[in-house]
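Undergrad: Pasting a structure below so you can have a look.
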């Protein structure tokens with residue numbers, strides 16, 4: 001046995017607005033003082049959390065840059081390998097070099113070009 005239901009826009013509006021429907025229940029909740037108090041507390045906590053997270057923590061390291069003069073045969077990958085820490089992912093370093101120097105996806109570089117290479121902490 002198959003059932004087929006059709007609900008027109010008028011039927012949907014009637015279902016939402018009927019007594020005990022979605023809008024009726026929502027408006028009842030909004031008029032409830034407890035609901036309003038909980039909403040104010042949640043918004044306050046969210047705002048305070050955002051403000052604390054945007055202040056920044058002292059754990060973040062400042063990003064500095066060293067300049068590198070590209071030599072014949074150099075690639076962004078090779079330059080990244082010379083400046084990557086053992087704990088770093090070289091792919092992230094390549095991406096950071098591309099972003100800092102506005103290089104395209106191919107990361108085309110040429111001899112004599114000066115690149116900024118991001119390094120953690122103060123530059124050497």
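The values are calculated or read from the model by the stated rules, or taken from the named source; none is laboratory data. The shown structure was predicted, so the numbers you read here are calculated from the model rather than taken from an experiment. In this analysis, Cβ positions are derived from the backbone assuming ideal geometry, glycine residues included, and neighbour counts consider all displayed protein chains.
Undergrad: Condition first: closer than 11 Å to residue 109 by Cβ and over 27 Å from the mean Cα position of the chain (by Cα). Now tell me which residues in region 65-92 satisfy that.
TA: Across region 65-92, the qualifying residues are 68, 69, 70, 71, 72, 73, 74, 75, 78, 79.
Undergrad: Continuing with this model, one more query. Taking region 73-122 on its own, how many of its residues are in a loop (DSSP other than H, G, I, E, B) and surrounded by 12 or more Cβ atoms within 10 Å (Cβ to Cβ)?
TA: 9
Undergrad: Which residues, taken from region 89-103, are in contact (Cβ under 8 Å) with a residue 12 or more places away in the chain and over 12 Å from residue 65 (Cβ atoms)?
TA: Residues satisfying the conditions are 90, 93, 94, 98, 103.
Quick grid of which residues meet (1) farther than 30 Å from residue 119 by Cβ; (2) at pLDDT below 60:
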{"position": "1", "(1), (2)": "yes, yes"}
{"position": "8", "(1), (2)": "yes, yes"}
{"position": "18", "(1), (2)": "yes, no"}
{"position": "27", "(1), (2)": "yes, no"}
{"position": "42", "(1), (2)": "yes, no"}
{"position": "49", "(1), (2)": "yes, no"}
{"position": "77", "(1), (2)": "no, no"}
